[in-house]
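**Q** Starting off with a structure, shown below.
The values are calculated or read from the model by the stated rules, or taken from the named source; none is laboratory data. Remember, predicted model here, so these are calculated numbers, not experimental data. Ideal geometry is used to build each Cβ from the backbone, glycine not excepted, and the neighbour counts take in all protein chains shown. For accessibility, only protein heavy atoms count, side chains too; no ligands or nucleic acids. Shrake-Rupley method; radii C 1.70, N 1.55, O 1.52, S 1.80 Å.
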Amino acid sequence: MSLFFSYVSVLAALLSSLVALGAGCRVQLFRLAQRYPKGLSAQIERQFAPSVFPRFLRTVSFILLGLSGTAAVLGGSVALATGRVLTDTLPLGLPFLSWHVRIDALSGFFLCVLGIPLIA
């Protein structure tokens, strides 16, 4: 379970960074939104208005960072409570070199330490 929460934490943090990078792409996103049907396009155009867009991005980014911090604290707490060592291998990275993930009590502690400021 702590591996699942750790993965959710990392994915939410990465999505938050993608949302923050989208701040400089307002015009391109606006042009892409114009391809949708009229009813949906008008609603999307309101979100991309210069007065609304930065606030929208900031809100989504903070929500994703809060989710990341909550998942990190939950994953770290589960790892600390159980005391088990969990390992996983993901087929990412260089060919024939997998990405190995290991969560034990020490990594659970640091997940909690790093997750608390993310929630704040």
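**Q** Using Rg and Dmax of the Cα atoms in Å as the read-out, say which of (i) 16.3, 52; (ii) 18.7, 55; (iii) 15.6, 49 was calculated from these coordinates.
**A** (ii)
**Q** Which order, highest average first, do 86-92, 103-109, 18-24, 70-76 follow once you tally other Cβ atoms within 10 Å for each residue and take the mean per peptide? Before the final figure, lay out each step's value.
**A** Values: 86-92: 11.0, 103-109: 17.0, 18-24: 13.0, 70-76: 23.4.
So the order, starting with the most tightly packed, is 70-76, 103-109, 18-24, 86-92.
**Q** Quick one: compute the contact order of the chain, relative version, from alpha carbon pairs under 8 angstrom and 6+ residues apart, as a percent.
**A** Numbers: 156 pairs, mean separation 38.2, N = 120.
Computed over the chain, the figure is 32 percent.
**Q** Kindly report the accessible area of the chain per residue (heavy atoms of protein chains, probe 1.4 Å, no ligands, DNA or RNA), in Å². Present the calculation step by step, with values, prior to reporting the outcome.
**A** On the way: 8220 Å² over 120 residues.
Here the residues of the chain average 68 Å² of exposed surface.
**Q** Right, something else. Once each part is reduced to its C-alpha centroid, what is the distance from the stretch 10-35 to the stretch 91-120 in angstrom?
**A** Each part's Cα centre sits 25 Å from the other's.
**Q** Let me ask something else about it. Using a 1.4 Å probe on the protein heavy atoms, what percent of the accessible area of the chain belongs to carbon and sulfur? Before the final figure, lay out each step's value.
**A** Numbers: 5870 of 8220 Å².
Here it works out to 71 percent.
**Q** Could you check the spin-label model distance between Phe30 and Arg84? Points 7 Å from the Cα along Cα→Cβ, value in nm.
**A** 5.2 nm
**Q** Pick out the long, greasy-scoring helices in the chain: whole DSSP H runs spanning 15 Å or more along their own axis by Cα, mean Kyte-Doolittle at least 1.0. Display every interim value, and only then the final one.
**A** On the way: long enough: 2-21 (29 Å, 2.05); 53-82 (43 Å, 1.29); 105-119 (21 Å, 2.34).
Taking the DSSP H segments of the chain (at least 15 Å long, mean hydropathy at least 1.0), we get 2-21, 53-82, 105-119.
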